[in-house]
Structures are given as structure tokens and as C-alpha cells.
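The values are calculated or read from the model by the stated rules, or taken from the named source; none is laboratory data. Please read all numbers here as calculations on a predicted model, not as lab measurements. Backbone-built Cβ (ideal geometry, glycine too); neighbour counts: all protein chains shown.
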Amino acid sequence: MSGLQIRNIQKSFGSQTALSSIDLEIRKGEFFSLLGPSGCGKSTLLRILAGLEPATSGEILWEGQPIQNLPARERPFNMVFQKYALFPHLSVFENVAFGLKLQKLGKAEIESRVREALDLVNLKGFERRLPETLSGGQSQRVALARALVNRPQIVLLDEPLTALDQKLREHMQTELRLLQRRLDLTFIFVTHDQEEAMLLSDRIAVMNGGRVEQVSEPRFLYERPGSLFSARFIGRRNELDVDAIESRDGWVDLALGVSRLKGRSACERLNEQGRGGAHVFVPPERVRVLTGSRGVTPGLNHLEGAVVQILFRGASSEMTVDLGESRYLRVLSDLDSVQNLSVGERVGLEFPPEETHVFLAVPQ
């Protein structure tokens, strides 16, 4: 397989394990994200790939060749840091040219490649500007040009958009994805922002506690969470504590008080054990409100409750329904679905069993 292979990478700092048995295959030309909360090991893994941090054990292969023992300057990778690390006393041109001068390339080639890199990130005409005169987005693009000027085969990005305000961050997300596609380079992107990873990535590795929980395309990561952590971390699903009554052929019969539900088993332990306390996850956009004379739909899960909150979000709405016993269900829908509803009104809810993901409760 062409691309990057990460085999059984482990990293310890003294008695603390930062990474445990990381195995990943990243395809050539792929936008691949490492997603997880702070402290999960994603930045440590990126630094190991860059050669800035040694792995305790394991192997890294690029195009079938081991590179874990190569120093950073000999790896075909370049890194873009969260804080950009621009030299304040050097111009934009000199910042981008810095690595090329260390390689002792000729003046004409350096000038040609720097101007090419600045043009790629839409900074033509900024050559003489100092970093202190740049906006956050412009500084981020200088850092990206400095990585691209060395013509790497992989660009490593360690939360490069975190310091930007929301509007600029959304703009740079679009620019970054368009640039990656145009250059057909492999990007490995570290972020703790689920929406950002879902928007940008071809595939995502969800990390937790130094391990990879799940690797998937964004759509399937959301629609088919592979672990309890992934289900809680990705998106804003409803979570309900229920009792699993019986599990068979990948489906689970559930009890929520007096209500009976059916869901899709999402863990092997539930398939083996068959019953016990469980967690159910339902995407709020898959829940429909039964209003007026509309009857229940056969084959769907049904619950009832009282409306406690309705929030309007432009063309859509978010409604919270109290199911009783400190259980709540959020519903995302179009405005027409809630325009005649009010707080305190009782409503029926329905959602598909195939969108009801069930995990066996983890013993405390």
C-alpha cells in the first residue's frame, strides 16, 4: 500500500504512557485528521511523525520504507504549528525562504520557490511585510507557505486554526481544504474540534487516552459510532440510560421505564452478554415530533414527554422534551414542525431503531 504506515507506535514519558499500540494507515493524497480531547496523545503522535519526538517503540513507513530513525530534516514531511513560530525580525519572504537557505540552494531557485509558495496561499505582494503587520489568517498562511516551499510529501498540521476567530477560522478551513485538493498532498491534521474534523477530512482517527478508538469516514463515524467514547464525543447525540432486555442478530430490545424500544447493537460485549444496563444514543435530527392528529408510525421507537424549551436557530429549531425521571430528549427540526407548539405541551416523539445505537454500560 502506498502512503504512510504507523505500526505499533508506543510512547512513554517515565512511568506515564502517552501512546499505546497505535496502528494506522494513511493513504497518499488523503486529508486525515487525528481527533480527540486534550491530552489524548494526538499532538505527541504528530511530533513523532515529524521526527521531533522519538517513539519508545514501533515503526513508521513511508512508501514502504522505514523512516522512524531518520532525523526530522531528512523526512519528506513539514509541520505547521499552532502558534506559527514566525521569526519576528524577518520579512514574509525571509521567513518562507529560511529552510531553503539552510539547504544552500541558489538565489534564483529560492526566489522562484518562495514566490510560488506565497502565490499558492494567496499572499503575493506580501513579501516585504513583517509578521507584526499581519492578521492571524495571514500569519497562518505564511506558516503554511513555509511548509509547502520545501515541497513535502506530507504536511503535518498541529491545530493550526485554533487561535483564529470563528469567521476567519471557517474561511481558512475552506482555503485549507481547497489547497490540499489542488496540490494532491497528504495532510495530517490534529484538532479537538469535531465539526472541523468532520468538515475537512477524508477519514478521521478518534483518539482517547493514547489509543485509537475508531477510524472512519466522517459520515460513517457519525452514523455508526464504534465505541462508547466515539458516540459521546462525535456530534451532539441524545444519550439515555436504559435496560437491555435481549440482544440477537445485532438488534437489542430495550426498556425505558414502561416504554419499549429497539436499537442497533454497537458493541460486541452487548452481543455476547445480551442484557444489562445500557446507553442509547439517538441523533436529535432523526427524532420527529408527532403533532395534531398524526398517528404513530409502525416499526419506529416512540416516547412521550413535555416540551420544556424551544430555541430558534435561523431556518431550524432545537426543542428539548422532558421524558420524566430526569431524562431529556433534544429534537432538531425545521420551523414548521414546532411553530404551533409551546412550552409545557405534551408531545409524542418517534425515531428509527436503525438510528438508535446501543452500548453496554461500563461498570463503575
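Some values worked out for this structure:
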read-out	value
Odd one out for Gly226 among (1) surrounded by fewer than 17 Cβ atoms within 10 Å (Cβ to Cβ); (2) touching a Cys at 6+ places or on another chain (Cβ under 9 Å); (3) of a type outside the set (Lys, Arg)	(1)
Boolean, Val206 is under 20 Å from Ser265 (Cβ atoms), at pLDDT 95 or above and within 12 Å of the chain's Cα centre (by Cα)	yes
Checking Gln339 against (1) at pLDDT 90 or above; (2) more than 26 Å from the chain's Cα centre (by Cα), the condition it does not meet	(1)
Test: Glu127 is more than 20 Å from Pro152 (Cα to Cα) and either surrounded by fewer than 12 Cβ atoms within 10 Å (Cβ to Cβ) or among the acidic types (Asp, Glu) (or both)	yes
Residue ranges of helices (runs of 4 or more DSSP H) in the stretch 68-152 with at least 2 members more than 18 Å from Leu176 (Cα to Cα) and at pLDDT 90 or above	92-102, 107-120
Positions within the stretch 10-54 being under 29 Å from Leu179 (Cβ atoms) and among the β-branched types (Val, Ile, Thr), in sequence order	Ile22, Ile26, Thr44, Ile48
Set Leu221, Leu256: member being within 24 Å of Glu25 (Cβ to Cβ) and either in contact (Cβ under 8 Å) with a residue 12 or more places away in the chain or not polar (S, T, N, Q) (or both)	Leu221
Evaluation of Ala231 against (1) assigned by TED's automatic domain parsing to the domain that holds Leu45; (2) part of a helix (DSSP H, G or I); (3) within 13 Å of the chain's Cα centre (by Cα) (one fails), failing number	(1)
Wholly enclosed strands (runs of 3 or more DSSP E) of the stretch 1-66 bearing at least 2 residues in contact with an Asp or Glu (Cβ under 7 Å, 6 or more places away or on another chain)	3-13, 31-35
Residue in the stretch 94-109 that is surrounded by 13 or more Cβ atoms within 10 Å (Cβ to Cβ) and over 17 Å from Pro152 (Cβ atoms) present	yes
Residue among Val114, Val80, Val92, Val121 that alone is without any contact (Cβ under 8 Å) to a residue 40 or more places away in the chain and of a type in the set (Val, Ile, Thr)	Val114
Identity of the residue in the stretch 8-29, touching a helix residue (DSSP H, G or I) at 6+ places or on another chain (Cβ under 9 Å) and either closer than 20 Å to Gly64 by Cα or basic (Lys, Arg) (or both), that ends up modelled with the lowest pLDDT	Gly29
Every residue from the stretch 54-66 that is touching a helix residue (DSSP H, G or I) at 6+ places or on another chain (Cβ under 8 Å) and crowded, with 17+ Cβ neighbours inside 10 Å	Ala55, Ile60
Leu179 vs. criteria part of a helix (DSSP H, G or I) and among the hydrophobic types (A, V, I, L, M, F, W, C)	yes
